[in-house]
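Please read the structure below before turning to the comments.
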Amino acid sequence: MLTTLPSLMSWQVVTQICGGHGHTVCLTAEGHVYTFGSSVFGQLGNGSNVKSSVPVRVTALTERITIIATNYFHNVSIEVISERRFCRYP
């Protein structure tokens, strides 16, 4: 099932959502990652410790992301580059 968040993510189709201890990570069909919630330890991946109540794209992830996962205070993403898979911590 695909979900859209029209007012927050400009009609991006969300294919995966993961939740941590106070933050959420969303993966779009285009391979973009958006985060929102608490960022006390930088878990939003935007270089800041400031929380966000709206999804913000993680621009440090420049390649197409295929899988995301999150746990208590951290996130992991998998990107595919030339048929090789790389693990990134946004």
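Each reported figure results from applying straightforward, stated rules to the coordinates on display, with no laboratory input. Here the structure is a predicted model, which means the values were calculated and not measured. Glycine gets a Cβ as well: all are built from the backbone with ideal geometry, and neighbour counts include every protein chain shown.
Amide H to amide H distances under 5 Å link THR15 with LEU27, THR28, ALA29, where only residues 5 or more positions off or on other chains count and H is placed in the peptide plane.
Sort the following peptides by mean Cβ neighbour count (other Cβ atoms within 10 Å, averaged over residues), highest first: 21-30, 45-54, 65-74.
On the way: 21-30: 18.3, 45-54: 13.4, 65-74: 16.0.
The densest-packed peptide leads the list: 21-30, 65-74, 45-54.
In sequence order, the stretch 17-34 has phi-based couplings of 10, 10, x, x, 7, x, 9, 10, 10, 10, 10, 9, 4, 7, x, 9, 10, 10 Hz under the Karplus curve 6.51 cos²θ - 1.76 cosθ + 1.60, θ = phi - 60°, and Gly or Pro positions carry x.
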